[in-house]
């Protein structure tokens with residue numbers, strides 16, 4: 001399976017949960033302590049749009065300023081759909097995966113940003129499911145892919161500030177892969 005199909009499937013995992021958000025659930029807390037449901041959705045939409053902007057010449061400073069704004073307004077579902085299309089188109093441009101982009105974290109090749117976007121959407125699908133109390137089961141193939149992508153970074157994840165405290169050390173190697181991935185990413189299911 002190619003990375004573009006995985007990206008589409010990760011977006012679909014997030015969309016599945018987003019479609020279930022109702023009324024007052026937008027204000028519910030999420031496992032990401034900085035965001036309620038609305039803030040989490042805005043983060044994913046913003047990250048999708050940021051990806052497209054990076055491939056179209058946005059600088060690191062422009063990107064940081066862009067990240068700090070509301071990109072969903074009164075249409076979170078529409079904003080997510082538009083951001084998904086923009087991200088997918090930018091990543092699929094000829095040469096995009098070989099291009100180095102000035103991501104706020106560090107300069108990275110497009111292929112690495114693609115992996116980050118797959119992981120971000122998948123993990124936030126779980127966060128959204130947990131927040132609204134719906135099915136938290138993630139696509140097992142995506143879980144395996146993101147696990148393999150993040151595992152080599154396990155020691156550096158806590159320092160990034162985006163993955164909580166990282167691995168808890170409380171799980172056995174025979175714990176389900178999804179539970180181990182969530183733990184690796186600082187989540188405690």
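Between 106, 66, 116, find the one with the highest GNM mean-square fluctuation for the chain; connect C-alpha pairs within less than 10 Å.
The residue that fluctuates most here is 106.
What does the convex hull of the Cα atoms of segment 3-139 come to per residue, in Å³, rounded to a whole number?
95
Starting from the Cα coordinates of segment 78-189, work out the convex hull volume and express it per residue in Å³.
Cα convex hull per residue, to the nearest whole number: 124 Å³.
Sort largest first and round to whole Å: the equivalent ellipsoid semi-axes of segment 38-115, each the square root of five times a Cα gyration tensor eigenvalue.
Value: 21, 14, 9 Å, ordered largest first.
Helix-only mean residue ellipticity at 222 nm, the chain, DSSP H runs n ≥ 4 weighted -39,500 (n - 2.57), per residue, nearest 500. What is it?
-17500 deg cm²/dmol, from helical runs alone.
Listing 56, 43 from the residue with the fewest other Cβ atoms within 10 Å to the one with the most, what is the order?
The fewest-first ordering by Cβ neighbours comes to 56, 43.
Take the chain, connect every pair of alpha-carbon atoms lying under 10 Å apart with a spring to form a Gaussian network, then pick out the residue of 110, 39, 169 with the largest mean-square fluctuation.
Taking springs between Cα atoms under 10 Å, the residue moving most is 169.
Which one, 36, 173, 139, has the greatest fluctuation when you compute a Gaussian network model over the chain with C-alpha springs under 10 angstrom?
In the Gaussian network model the winner is 173.
Read-outs: derived from the displayed coordinates by stated rules, not from any lab. Predicted model only: the values in this text are computed from it and were never measured. Here the Cβ is made from the backbone with ideal geometry for all residues, glycine too, and neighbour counts use every protein chain on show.
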